[in-house]
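Reviewing the structure listed below.
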Amino acid sequence: MATILGVPASPFVRKAMLAHLIKGIPFEIKMVPPGSDDETFRQASPLGKIPAYQSDQGTLFSDSSVIIAYLEKSQPSTPLYPNDAENFAKALWLEEYADTKMAEATNALYFQRVVGPAFFEHTTDEARVTEILNQLIPPVLNFLEDKLSAQYFVGDELSVADIAVGSNLMSLTRANYEIDQTQWPKLAEFYRQFLALDAVKQQLATEDKIFNR
Ligand SMILES: N[C@@H](CCC(=O)N[C@@H](CS)C(=O)NCC(=O)O)C(=O)O
């Protein structure tokens, strides 16, 4: 069976787990923190970042985007990438935006309110939280609101773009941030439907066990 090396509460690990759950591909988790000296982890992830991956064929590699692209090749059913070339590019670009600009904002709040206090003896810096809430998050949500015209970010099927954006929104929820429906109505509705997916419910249940340990 394939192994994801990482911590399920990481938004990038979460993204890789969600892709497996949505596609119905079995996997196990090896709990490995970023920067671990674990030998298999180091071989798979020379940058020390999570998630790393061991495929069911034994191939070692890392990066959530690479993992999901690999899954699509190895098990094409329940596709996560649009067929149409233009939509394919749009989905990849939104995934990239979610993994970089959006993650910078959501991870900042997630660290201050959740990960830092829970795992690093960090006391929440309220001045920094105010800065994140006022300056980092709104432009990202404005950008995403602008991109939505239907239930999904690209075309009429769930894609890697939705998984990448949704994974980051889940970090905001954990950090007690609720999307303002009057400012970002389409995004709030997207997220409501995302949270109703069975795969997302399973992921939340797995994470709950870690946070409530
Ligand atoms: N582009 C990578 C990003 C992975 C990443 O930054 N993971 C974080 C944890 S959420 C990490 O391992 N950080 C440790 C570090 O940057 O050294 C992916 O999509 O997997």
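The values are calculated or read from the model by the stated rules, or taken from the named source; none is laboratory data. None of these values were measured; they are calculated from a predicted model. Backbone-built Cβ (ideal geometry, glycine too); neighbour counts: all protein chains shown. Keep in mind that these areas ignore ligands, DNA and RNA; they rest on the heavy atoms of the full protein, side chains included. Shrake-Rupley method; radii C 1.70, N 1.55, O 1.52, S 1.80 Å.
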Notebook entry, point to check: What about Tyr70, is it within 14 Å of the ligand (Cβ to nearest atom), part of a strand (DSSP E or B), of a type in the set (Phe, Trp, Tyr) and not assigned by TED's automatic domain parsing to the domain that holds Thr173?
Noted result: no
Checklist line | Output for segment 118-128, where each listed residue is assigned to a helix (DSSP H, G or I) and within 16 Å of the ligand (Cβ to nearest atom) | finding: Ala118, Phe119
Check: Does any residue in segment 4-32 that is of a type in the set (Phe, Trp, Tyr) come within less than 6 Å, Cβ to Cβ, of a residue that is within 13 Å of the ligand (Cβ to nearest atom) six or more places away or on a different chain, and which pairs are these?
Finding: Phe12/Pro51; Phe12/Ser64; Phe27/Ile4
Checklist line | Residue among Asn107, Asn134 that is in a helix (DSSP H, G or I), open to solvent by 20 Å² or more (accessible area, probe 1.4 Å), free of Cβ contacts under 8 Å to residues at least 12 places away in the same chain and not acidic (Asp, Glu) | finding: Asn134
Next item on the list: Being of a type in the set (A, V, I, L, M, F, W, C) and surrounded by 14 or more Cβ atoms within 10 Å (Cβ to Cβ) is the filter here, so list the residues in segment 81-90 that pass it.
Entry: Phe88
Notebook entry, point to check: Given the conditions (1) more than 16 Å from the ligand (Cβ to nearest atom); (2) open to solvent by 70 Å² or more (accessible area, probe 1.4 Å), which single one is not true for Trp93?
Noted result: (1)
Next item on the list: Tell me which residues, restricted to segment 164-213, are farther than 24 Å from Phe119 by Cβ, surrounded by 16 or more Cβ atoms within 10 Å (Cβ to Cβ) and hydrophobic (A, V, I, L, M, F, W, C).
Entry: Val165, Ile179, Trp184, Leu187, Ala188, Phe190, Phe194, Leu197, Ala199
Notebook entry, point to check: Is it the case that Gln57 is away from the ligand (no atom under 15 Å from the Cβ) and closer than 25 Å to Pro79 by Cα?
Noted result: yes
Next item on the list: Those residues that are closer than 23 Å to Glu72 by Cα and either among the aromatic types (Phe, Trp, Tyr) or free of Cβ contacts under 8 Å to residues at least 24 places away in the same chain (or both), I need them from segment 140-190; list them, please.
Entry: Tyr152, Phe153, Asp156
Notebook entry, point to check: Can you name the condition, by its number, that Thr78 falls short on among (1) among the β-branched types (Val, Ile, Thr); (2) more than 16 Å from the ligand (Cβ to nearest atom); (3) open to solvent by less than 30 Å² (accessible area, probe 1.4 Å)?
Noted result: (3)
Item checked: Within segment 1-57, considering residues that are among the β-branched types (Val, Ile, Thr) and farther than 25 Å from Thr173 by Cα, the one surrounded by the most Cβ atoms within 10 Å (Cβ to Cβ) -> Thr3
Next item on the list: Run Asp99 past the list (1) loosely packed, with under 14 Cβ neighbours inside 10 Å; (2) not assigned by TED's automatic domain parsing to the domain that holds Pro34 and report the number of the one that doesn't hold.
Entry: (1)
